[in-house]
Amino acid sequence: EAGDPLDIDRACFEPDSYVQKLLKDCSLNELFRHEEAKKKEIQELDSNMQYLVYENHSKFIKASETIREMKDDFQRLEDDMNRLTSCMGDISQSSASINEVLADRKKQISQLCGVHHLLKKLQFLFELPARLKKCIEMGFHGQAVHTYTKAHHVLEQFKHMSSFLNIQRECVSIVCELKSILRKKLDDEESTTADIAETVDLLLELKEPPNHLCQQFLANARQNLEKDLDTAQKLQQEEESQDVMKFVGQLCTGFLANLSLVIQSCYDMFIARTDGKEPGMAEEAQQVLTDFVQSVMSDCLQAVEERLKKETIQLDSAMLVRALDKITGKLQVIDQLLPSAGTSSSSQDLVRNIALLHTKFHIQCLKQSFTDTLMSVRVALATSKSTSPIHGLSLGEQCTLLYSCVKNGMESSLNNVKEFIKPTVGFSLMMRTFRVEFCLEYVRKGIVMDLIEFVLDTAKTFTEPSKECGQLSYPPTLILTLSRLLHNMERTSISYLVSYGDEKFPPDEHGPVVATPTAEVLRRAGQEAQTLLNHYVAVQGRIISQMIRKGLDARDWLSTIEPRSVRSVMKRVVEEVSTIDQQVGSLYEEGHRKDQGSEGSRQTYSYSLNQGKGYPYSSTMDSSLLSNIQKLFYERIEVFGRVEYSKLSILTGIIKIFLKAFIECVRLKTFGKFGLQQVQVDSHYLQIYLWRYVSDEHLVRLLLEQVVSSAIERCVEPQLMEQSVVEAICGHN
Amino acid sequence: RDIFSLQPVSTISQSCNTRSVVWHPSQPHLVSLDDKQLTLWKLSGPGAKAHSSLSLEEKGGARWHYSALSWNPHHNCSLLLYSLDHSLRCWDTRNNKTVFSLDQPHAACVRGMDVNPNKPYHFVSCGDDCCSKFWDTRKLDRPLLVREDHSHWVWSVQYNLFHDQLLLSASSDSQVVLSRVASIASEPLRDYEDEDGGHHTPPPSPQSEDEVIQVYEEHEDSVYSAVWSCADAWVFASLSYDGRLVINHVPTEEKFSILTS
């Protein structure tokens, strides 16, 4: 590339043009300075150059010296190597000659050695039977077996020689004896596990089929284990206290400990041993062992489950949980010894079953106590009808009694059952899903939700109206109390109970098992509360309607006398209404009234005002037109409608029912003049006393007006009494 | 003769108050219920002969106050349903015995009954519990169906004379309710046969549900009676306490769906 001719560091530098440039550009002072700088640079460069040259030179000299030295060394090495080769040649020569000389002798000696060995072996063989016998007599079974196995092969090989054959036969018979002794030892109950292990080893060495041995060993073991189980069970039956912990402890130290020993030794003897040599045998042995363990464990677990079942019907969970924990701990150990036997899954099943039974027992108790409390409340309410409410508990108190039965019962149950998920409990940690399952399925659904639903179901049975239409076997106040209870439950109690349960037993929001939703239960509680309340109103209404109907049927209205007083039926009706008012008042709050202004209860009937004194109407046309016009302005009254949760609303419902019944019954009768007047007096009496119980007194007035106007239309000679006289008669009473 | 004047056909003399009377469906007989007994009269000329009677006097002398009668047109018109206050009974006019008796099917008082014109063993009753209940006379332990369409006492209930899935009921809540009870009607869902001969039911059409077809609110006071016309199957009349008579007909969609199904 074309360099800059003015660049000093480049090859294409042109000094002339550089100087020219400098002369052009720089001032005199600058030029001087420039010259000095250049001089300095040149000096520096010179010195550097010198230095480098010198360095190179000295290095070259060093290198040449080193090479000379190396040359000398190599020379020496070569000399040594030559000498070495010649020596080696000499040595090999001499060793070859020595071998030649001694070759002969060597052969002879080795022959003799061989013969010696053979003779020794033969001697061994000849002595074998005697030795075996001696060993057996002295009880050194191990030694006998070892000796025999050593000789076995050779005997087999040389069977065809008669002497060997004899020996072999003798040995075989002795060994058979030995085998039987060993087997007897195996069966002997007195033998310790170490003895058994040794014996099994020996028998295996003697080529006994391992699966037979294994089975025999396991059969003996089974007998022992069954004995252990029996003693544990018998001890339980005999003992007075039947402490479950003792049973469990016995079982752990006896049966389970022995079982783990058995598994361990079996494994060592049969499975670990034959591994590698005959893999099929190992599998078979494993299978046999697994089967054995499974069958034995199933017996054991059955016994344990039975015993624990007895414990599940106690309310206190602590002992149960401790016993269960201990058992599962031990079972875990066994499972680790032999994972294929599936002990862990059976122990998990055991835990689940026991937990389920226990929680079921709790819920059973809770349901029972609720039913009992309900029965006692029912009896109390039935008997207190005759006595004044001061002596017994008021309805509000009965309601709280029922609720506290549920609440306290559930709280104590949950506190008890909490033992199952204490962090110190072993199985709760081991079975990860158990904790979640327990909290959600067993406790939340099984106890909390189940109890709530049971309460709702029980309440629902009191709403079935069809069967006992005439006489109820339970007091109507019971229905009222239950409706209040359910209303409270919908509003606060259910959420309190569920949250209490959730606090103690936290549900896993993200797990596979979903918590049962409370929305459905809340909705149901609200529904049932409303149904109960409506039912109560209907029942009470019906009772009073019956009273009115009977009162109307009892009299001959055509020929009755001039009314002097209010009929006793009406007085009884008013008394009944005030009793109901008191009862409802103890449970529900007042509610609100419709504002009537200043008219109050003294307003007279509109028709009499419109139509003047004397005859209420001159022709039927006018009155029906007028009443129709009146009716246009009033909404249709729904009699058996929905009732609110307030005292006024409830009483309004009841009063509507029996007033409407009054109207309908009046329409079925025929009245004489005085009959009509009696009805007028009765209606006025009701008007005076009933207005304070209803939320809209206009309603009462309207209904009573309809009573009287219906009576007028059914009257043979309609003539109303003077209002002042009516008021006087009512005022008397 | 002048068709607008009433001429007495026969006269029957009675000893005590007659409360209800009902004609025989086909012959010139009638049944009367009075304070003491039920009597079947056969009209002959200007007089009438008492054919059979059933005493209604209770033991203990308890008196009853409300009654209703309904003739069962099946089985050669030999059965009569009658109600006394809260009990509902059936009288066999051939042998003068009470066939069955229902105690308190509707709380305090049974107000009306009607027998299904197409199905011999079904009838409906209504009363003070604001319900209409449908019964099968062969199995009276519980009603087949209970309908609660009113909010006060139901005073009359009647099946349509030809299509018994239509039911008319009148109540003292001033409403007349026309409802469909297809589930126990004589013409339930039809089974269509496949070519293979198997049966399959068609998907449930709207006509197969039991529901209120229409509520008639033309009255402003209690309606005591609602009856179907004998001439036209789709017309009915209702009468309320304030003297208002209303004649209505079944809504056209319902009529066409019944005729075309």
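Every residue, every condition in (1) among the polar types (S, T, N, Q); (2) at pLDDT below 85; (3) touching a Gly at 6+ places or on another chain (Cβ under 9 Å), yes or no:
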{"position": "A:Ile650", "(1), (2), (3)": "no, no, yes"}
{"position": "A:Leu668", "(1), (2), (3)": "no, no, no"}
{"position": "A:Ser709", "(1), (2), (3)": "yes, no, no"}
{"position": "A:Cys715", "(1), (2), (3)": "no, no, yes"}
{"position": "A:Ala728", "(1), (2), (3)": "no, no, no"}
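A search for C-beta distances below 9 Å between a residue of region A:704-715 that is away from chain B (no Cβ under 13 Å) and over 13 Å from A:His684 (Cα atoms) and any residue that is surrounded by fewer than 23 Cβ atoms within 10 Å (Cβ to Cβ) and at pLDDT 85 or above, counting only pairs 6+ apart in sequence or on different chains, returns A:Cys715/A:Thr670; A:Cys715/A:Gly672; A:Cys715/A:Lys673.
Yes or no: region B:88-111 includes at least one residue that is free of Cβ contacts under 8 Å to residues at least 40 places away in the same chain, more than 16 Å from the chain's Cα centre (by Cα) and crowded, with 23+ Cβ neighbours inside 10 Å. No, every residue in region B:88-111 fails to be free of Cβ contacts under 8 Å to residues at least 40 places away in the same chain, more than 16 Å from the chain's Cα centre (by Cα) and crowded, with 23+ Cβ neighbours inside 10 Å. Selection of region B:215-247 for residues being touching a helix residue (DSSP H, G or I) at 6+ places or on another chain (Cβ under 8 Å) and more than 18 Å from B:Cys130 (Cβ to Cβ) yields B:Glu220, B:Trp234, B:Asp242, B:Gly243.
In this structure, B:Leu80 does not qualify as at pLDDT 85 or above, part of a strand (DSSP E or B), crowded, with 17+ Cβ neighbours inside 10 Å and within 12 Å of chain A (Cβ to nearest Cβ).
For region A:310-319, the set of residues classified as in a helix (DSSP H, G or I) and either of a type in the set (Ser, Thr, Tyr) or closer than 12 Å to A:Leu350 by Cβ (or both) consists of A:Thr312 only.
Among the residues making up region B:210-221, a single one is aliphatic (A, V, I, L, M) and within 14 Å of another protein chain (Cβ to nearest Cβ): B:Val215.
Here region B:232-261 is the region considered, the condition is being more than 14 Å from chain A (Cβ to nearest Cβ), farther than 19 Å from B:Val215 by Cβ and in a loop (DSSP other than H, G, I, E, B), and the residue that is modelled with the highest pLDDT is B:Asp232.
For region B:222-231, a tally of residues being more than 13 Å from chain A (Cβ to nearest Cβ) and assigned to a loop (DSSP other than H, G, I, E, B) returns 3. Scanning region A:557-570 for residues that are assigned to a helix (DSSP H, G or I) and more than 14 Å from A:Ser683 (Cβ to Cβ) turns up just one, A:Ser568. Take the conditions modelled with pLDDT of 70 or more and in a helix (DSSP H, G or I) and apply them to A:Lys207. Does it pass? Taking the combined requirement at face value, the residue does not satisfy it. Cβ-Cβ under 6 Å, sequence separation 6+ or interchain: first residue in region A:163-188 and touching a residue at least 12 places away in the same chain (Cβ under 8 Å) and in a helix (DSSP H, G or I), partner surrounded by fewer than 16 Cβ atoms within 10 Å (Cβ to Cβ) and among the hydrophobic types (A, V, I, L, M, F, W, C). Which pairs? Taking only residues 6 or more apart or on different chains, the pairs are A:Phe164/A:Phe158.
For region B:111-131, filtered to residues that are within 14 Å of chain A (Cβ to nearest Cβ) and part of a loop (DSSP other than H, G, I, E, B), the residue that is farthest from A:Leu668 (Cα to Cα) is B:Cys131.
With respect to the conditions (1) away from every other protein chain (no Cβ under 14 Å); (2) closer than 15 Å to B:Leu30 by Cα; (3) in contact with a strand residue (DSSP E or B) (Cβ under 9 Å, 6 or more places away or on another chain), B:Ala68 lacks only one, and its number is (1). The sole residue among A:Ser369, A:Ser317, A:Ser346, A:Ser298 that is in contact with a Gly (Cβ under 9 Å, 6 or more places away or on another chain) and among the hydroxyl-bearing types (Ser, Thr, Tyr) is A:Ser369.
Condition check for B:Ala108 on (1) in a strand (DSSP E or B); (2) within 14 Å of chain A (Cβ to nearest Cβ); (3) of a type in the set (A, V, I, L, M): one failure, at (1). The test for being surrounded by fewer than 22 Cβ atoms within 10 Å (Cβ to Cβ), acidic (Asp, Glu), touching a residue at least 24 places away in the same chain (Cβ under 8 Å) and within 17 Å of A:Lys571 (Cβ to Cβ) holds for A:Glu727. Report whether or not B:Asn95 is over 20 Å from B:Phe134 (Cα atoms) and either at pLDDT below 80 or assigned to a loop (DSSP other than H, G, I, E, B) (or both). For B:Asn95, the condition - over 20 Å from B:Phe134 (Cα atoms) and either at pLDDT below 80 or assigned to a loop (DSSP other than H, G, I, E, B) (or both) - is met.
Across region A:522-566, the number of residues qualifying as among the basic types (Lys, Arg), away from chain B (no Cβ under 11 Å) and either surrounded by 17 or more Cβ atoms within 10 Å (Cβ to Cβ) or within 60 Å of the chain's Cα centre (by Cα) (or both) comes to 2.
Filtering region B:168-177 to residues that are more than 14 Å from chain A (Cβ to nearest Cβ) and in contact with a Cys (Cβ under 9 Å, 6 or more places away or on another chain) leaves only B:Ser169. Among the residues of region B:206-218, is there at least one that is within 30 Å of A:Ala711 (Cβ to Cβ), over 17 Å from the mean Cα position of the chain (by Cα), modelled with pLDDT of 90 or more and assigned to a strand (DSSP E or B)? The answer is yes; a qualifying residue exists. In region A:690-713 there is at least one residue that is touching a strand residue (DSSP E or B) at 6+ places or on another chain (Cβ under 7 Å) and surrounded by 22 or more Cβ atoms within 10 Å (Cβ to Cβ). Considering region B:132-167 alone, what residues qualify as being facing another protein chain (nearest Cβ under 9 Å) and either assigned to a loop (DSSP other than H, G, I, E, B) or under 16 Å from B:Asn72 (Cβ atoms) (or both)? Listed by number, the residues that qualify are B:Arg142, B:Pro143, B:His150, B:Ser151, B:His152, B:Trp153. Residues that are at pLDDT below 85 and either under 17 Å from the mean Cα position of the chain (by Cα) or within 14 Å of chain A (Cβ to nearest Cβ) (or both) do not occur anywhere in region B:40-57. Candidates B:His29, B:His86: the one that is touching a strand residue (DSSP E or B) at 6+ places or on another chain (Cβ under 7 Å), modelled with pLDDT of 80 or more and within 14 Å of chain A (Cβ to nearest Cβ) is B:His86.
The values are calculated or read from the model by the stated rules, or taken from the named source; none is laboratory data. None of these values were measured; they are calculated from a predicted model. Because the Cβ atoms are built from the backbone with ideal geometry, glycine has one as well, and the counts that use them run over all protein chains shown.
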